[in-house]
Amino acid sequence: MSEKVENQEQLNKIIAELEQKCADKPENVPAHHHLALVYRKAGRIDDAIRELEKCLELDEQSVEAYINLGAIYFEQGNLDQALAVNLKAVKVLPEMSRAHNNIGLIKQQQGDAAAAIAAYEEAVRHDPKLTNAWVNMASCRIMAGDFEQALQAAKEAIKLAPDFGMAYNNQAVAHYYLEQYREAKEAAAKAQSHGYQVDPRFLQALEEAQSA
């Protein structure tokens, strides 16, 4: 029996146990939430959504259910629904930094750089160690043309996670637009050394800028 089949059988067993637990204790919010997460892992997205909605029906203060439901909607490209549930999360728990970061991602995807940056700033205000928010803020500030601030955000991310390739990539791009080509090349090399696939077009543009 292959490892993949064994893993699937184990997953099916867990699902069956959780389904039974939810049937026995239909008001148990953590059980429904756990089942939703396992459904999502198994690729049963509609079932995961149903269970997360059940969590919120039982407890409209369930912030983690909002967060996970928003993540599914975001993956599906349903940005309006993803935004709505993350806004509900921060209404319940204003200091929920992950929800603010998610709002930033959604706003960035929608092309609203100013709103995205504001959301990322709120995320790091509540949790200065939220690396993803710093990385996302750097990307968004590059998009907005705020290259000095993008560079600082990338450096904050690197301080928190020295092996985060995307942070070095953002640092490289910010240096490039600031015409700091040597620093950009060094940062791009670090991004690659940490497994990040730097855009070949960027590397070519950097080489051309250095040799100009």
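The values are calculated or read from the model by the stated rules, or taken from the named source; none is laboratory data. These numbers come from a predicted model, not from an experiment. When we count neighbours, we look across all protein chains shown, and the Cβ atoms used for this are built from the backbone with ideal geometry, even at glycine. Remember, those area values only see protein heavy atoms, side chains included, never the ligands or the DNA or RNA. Shrake-Rupley method; radii C 1.70, N 1.55, O 1.52, S 1.80 Å.
The GluC sites (Glu not before Pro) of the stretch 154-194 that meet both conditions, a loop assignment by DSSP and at most 11 other Cβ atoms within 10 Å of the site Cβ, are GLU179. Counting only lysines at least 8 places from LYS155 when in the same chain, those with an alpha carbon closer than 28 Å to its own are LYS107, LYS129, LYS185, LYS190. When the solvent-accessible area of the stretch 128-211 is split by element, carbon and sulfur atoms take up 48 percent of it, the probe being 1.4 Å. Using a 7 Å offset from Cα along Cα-Cβ at LYS159, what residues in the stretch 131-153 end up with backbone N under 13 Å from the label point? Hits in the stretch 131-153 for LYS159 at 13 Å: 131, 134, 152-153. Can you list the lysines whose alpha carbon is less than 19 Å from that of LYS21, not counting same-chain residues fewer than 8 positions off? Those lysines meeting the cut-off are LYS13, LYS41, LYS54.
When the charge dipole of the chain is built from unit charges on Cβ atoms (+1 for Lys and Arg, -1 for Asp and Glu) and taken about the Cα centre, the candidate among PRO30, ALA82, LEU151 whose Cα reaches farthest toward its positive end is LEU151. Taking label positions 7 Å along the Cα-Cβ direction at both ASN78 and GLU186, the computed distance is 4.8 nm, reported to one decimal. Fully extending the segment from GLN10 to LEU178 would add 55.2 nm, taking 0.36 nm per residue of separation and subtracting the current Cα-Cα distance.
Per residue, the chain exposes an accessible area of 54 Å² to a 1.4 Å probe, with every protein chain left in place. Take the Cα of LYS91, go 7 Å toward its beta carbon, and the backbone nitrogen atoms of the stretch 39-65 under 18 Å from that spot belong to 53-65.
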